[in-house]
Amino acid sequence: MDPDFGGTTQVLSLDLAIAPQVLLVDDDELVLARLRELVAAAGFQVCAATNGSQALDLLEHSFTPIVILDLNMPGLDGLTVCRTIRERVWPGYVYILLLTAQDAEQDILEGLNAGADDYVSKRASSAQLLARLRTAQRILTLEHSLKQALAEKRHLAMTDALTGVPNRRFFMRRFGSELTRLRSIGGDLSLLSLDIDHFKQINDRYGHGAGDSVLQQFIHRIGACLSGDSQWCARLGGEEFAVVLEGTPTAQAVLMAEQMRQVIAASPMQVGNASIPITVSIGLSALEDNRGEATVESLLQKADQGLYASKEAGRNRVTAPGRAQPARDVDR
C-alpha cells in the first residue's frame, strides 16, 4: 500500500457541511488504522470492521452510507460482501468503494459487476482516495435531494393546498387500508361526514377569499378536537370534510362529533372586519355496523345519509347510525 495513505498529504475541507459516515473494511489492521486516520481527518465519521461478516453486522445495526471495502479478505471476501449488500434492503443507498491491490481490468470488472460503485488501487495516493470519497458524498447528497423532492411531490399530491389537510385521494387510500386491516383483526373505526351549513351564502355575501379563510379556520377548530395520528381529517371537496376516528366505537364517536359541532358554533369566525357565524352538520357511520360487508363506499354513503338527515332536521346537529334518513337533494 502506498505510504502516502498515512503520510502528511494536506486534507482539503469538504464543501458539504455534514459528511456521511464511512465504514472501513480490511483484514489488515495496519491498513485499517491508516485509513481511519486519513478518512477521519477529512471530516467523515468512521467505523471499522476487520472482516466481511462483521461489516454486514455493523451495517444492519448502524446504517452507514459509504463502505470502503478490501477486495481480498478471509471468510467473506469483498465480492461476496458487495453482492450481499445489494441483495438486502437498507434505509438508503450504500455507496461501495473497493480498495484493492488487484487492479487489472478483469478484477475491476468483477468488482463493479458484483455491485461496487467505484474502486481505488491500494497503490493510489491518499488525495485520489479522498477525491473518490467526495464523489461518493456528492452522489449520496444528490440521491437524498431526489428522495426529498419525491417525498414532497407525494405529499403535495395527497394534501389539500388550501387547508393543509389530506385530500380525497389520501382519504380513500388510508381509510381503505385501515378498513381492510380492521376487518381482518377486529377493532373499532368510525367515520364522520361534515358539511359547513349555508357555505354558498358565505361566498356570495363575503367573497370567495372570505370563504377560503372560513375553511382554514374550520379546519383549525376541528383539529383542536382531535388527538394523535389515529384521529384525522380530510377535505373531500368544497366545504365537505371527513373525520376518521380509528379505534373509536360509535358511542364515543357521537360524543366527539357533538364536541366538534359545539366548537364550530361557539363563536363567529373573524375574517377581516367581518364576524361570520358558522355551524356544521354531521353524519356518522361505523365499522361495527355490518362489519363483514363494510367498504369505504358504504361507510361514506351511510355517513352522508346521516349528514343529509342532519340538514333536513334543521342543520347544526349530529345524526348517528340508526337515525339516519335516506339521502335526498337538499340545500347544503
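The values are calculated or read from the model by the stated rules, or taken from the named source; none is laboratory data. Since the model is a prediction, treat every value here as computed from it, not as a measurement. Because the Cβ atoms are built from the backbone with ideal geometry, glycine has one as well, and the counts that use them run over all protein chains shown.
Taking the residues in the stretch 287-314 that are small (G, A, S), farther than 20 Å from L255 by Cβ and not in a loop (DSSP other than H, G, I, E, B) as candidates, determine which candidate is modelled with the highest pLDDT. Selected residue: S298.
Has the stretch 272-286 got any residue that is β-branched (V, I, T), surrounded by fewer than 20 Cβ atoms within 10 Å (Cβ to Cβ), in contact with a Pro (Cβ under 7 Å, 6 or more places away or on another chain) and in a strand (DSSP E or B)? For the stretch 272-286, residues β-branched (V, I, T), surrounded by fewer than 20 Cβ atoms within 10 Å (Cβ to Cβ), in contact with a Pro (Cβ under 7 Å, 6 or more places away or on another chain) and in a strand (DSSP E or B): present.
Of a type in the set (A, V, I, L, M) and farther than 20 Å from P321 by Cα: is that true of L189 in this structure? The answer is no for L189. Checked against (1) of a type in the set (A, V, I, L, M, F, W, C); (2) farther than 18 Å from F175 by Cα; (3) in contact with a Ser or Thr (Cβ under 9 Å, 6 or more places away or on another chain), I202 passes all but a single condition, namely (3).
Number of residues in the stretch 234-250 that are under 13 Å from I196 (Cβ atoms) and hydrophobic (A, V, I, L, M, F, W, C) equals 2. Filter the stretch 158-191 down to the residues that are touching a residue at least 24 places away in the same chain (Cβ under 8 Å) and of a type in the set (A, V, I, L, M, F, W, C) and list them by number. If the condition is that a residue be touching a residue at least 24 places away in the same chain (Cβ under 8 Å) and of a type in the set (A, V, I, L, M, F, W, C), then L162, V165, F170, F171, M172, F175, L179, L182, L189, L191 are the ones that fit. As for the stretch 157-175, it holds at least one residue that is out of contact with any Phe, Trp or Tyr (no Cβ under 8 Å at 6 or more places or on another chain) and on the phi > 0 side of the Ramachandran plot. Among the residues of the stretch 174-191, the ones that are under 21 Å from the mean Cα position of the chain (by Cα) and surrounded by 13 or more Cβ atoms within 10 Å (Cβ to Cβ) come to 6 in all. One residue alone among L150, L146, L140 is at pLDDT below 95, more than 19 Å from P321 (Cα to Cα), in contact with a Pro (Cβ under 8 Å, 6 or more places away or on another chain) and assigned to a helix (DSSP H, G or I), and that residue is L140.
Restricting attention to the stretch 293-319, the residues being among the aliphatic types (A, V, I, L, M) and either within 12 Å of V280 (Cα to Cα) or in contact with a strand residue (DSSP E or B) (Cβ under 6 Å, 6 or more places away or on another chain) (or both) number 5.
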